[in-house]
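A quick write-up on the structure given underneath.
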Amino acid sequence: MSEIRLTVNGAKRVVTVDDDTPLVWVLRDTLALTGTKFGCGMGVCGSCTILENGKAVRSCQIPAIEAKGRNFVTIEGLSRDASHPCQRAWIEEDVAQCGFCQPGMILTACGLLREHPDPSDQEIDAAMSDSVCRCGTYPRMRKAIRRAAAALRARKP
Ligand code: FES
Ligand code: FES
């Protein structure tokens, strides 16, 4: 067990957990941030995706000890009221079906838009195809990402 200090959604947190506990369980079980979902546990489905400095990372692949001193954002921290352009676009395009994959998908989209503010369909498909949506919401996600990209670009001075 180790005492681990990390920042989550702008707040400094201290947790005492086994060193090799995957960060997804620290978020869900210790910090009660259950928006982050557990799927495969092997880094292949994307349901546990969170942001680190704007970049999408898979929290099932980060042992707690390696999360020490790092700064993460989960779906709960993206906005207080679902007003982030990605969340707005997801609602406006009615993307979610069962919803299980969607927090990870939204944060994956945020990571994509940070790298590519005006992504092509190919860039969108490449970024999203690594994450699994069993409900097949990929066409609606593509529309939502285009909508969010436009909103984010319009926000910039
Ligand atoms: S649970 Fe992390 S990638 Fe599947
Ligand atoms: S909305 Fe059901 S798995 Fe993606």
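At a Förster distance of 41 Å, what's the computed FRET efficiency of Arg134 paired with Glu3, Cβ-Cβ distance as r, to 0.05? Calculated value: 0.60. Annotation note: trypsin sites (Lys or Arg not before Pro) in segment 96-157 located in DSSP loop regions with a Cβ neighbour count of at most 16 within 10 Å are Arg134. Label reach from Arg153 (point 7 Å along Cα→C-beta): in segment 80-102, no amide nitrogen lies under 12 Å. Computed from the Cα positions only, the extents of segment 2-78 along the three principal axes stand at 29, 25, 20 Å, in decreasing order. For segment 85-155, the alpha-carbon radius of gyration amounts to 0.97 times the rule-of-thumb value 2.2 N^0.38 Å expected for a compact globular protein. Lysine pair count for the chain with Cα-Cα distance under 25 Å and sequence separation of 8 or more or different chains is 10. Just so you know, the averaged projected area of the alpha carbon convex hull for the chain sits at 8.8 nm².
Quick check on the exposure proxy: order Cys48, Cys135, Cys101 from fewest to most C-beta atoms within 10 angstrom.
Working: Cys48 28, Cys135 14, Cys101 24.
The most exposed by this proxy come first: Cys135, Cys101, Cys48.
Could you give the size of the charge dipole of segment 13-86 about its Cα centre, using +1 on the Cβ of each K and R and -1 on the Cβ of each D and E, expressed in debye and rounded to the nearest 20? Don't skip to the answer; put the middle values down first.
Numbers: 8 positive and 8 negative charges, 42 e Å.
The calculated dipole for segment 13-86 is roughly 200 debye.
Subtracting the Cα-Cα distance of Ala126 and Lys55 from 0.36 nm times their residue separation leaves 24.0 nm of extension gain.
Quick note: the coordinates plus some simple rules give every number you see, no bench work behind them. Bear in mind the structure is a predicted one, so any value in this text is a computation, not a measurement. Cβ sites come from the backbone with ideal geometry, for glycine too, and all protein chains shown count toward neighbours.
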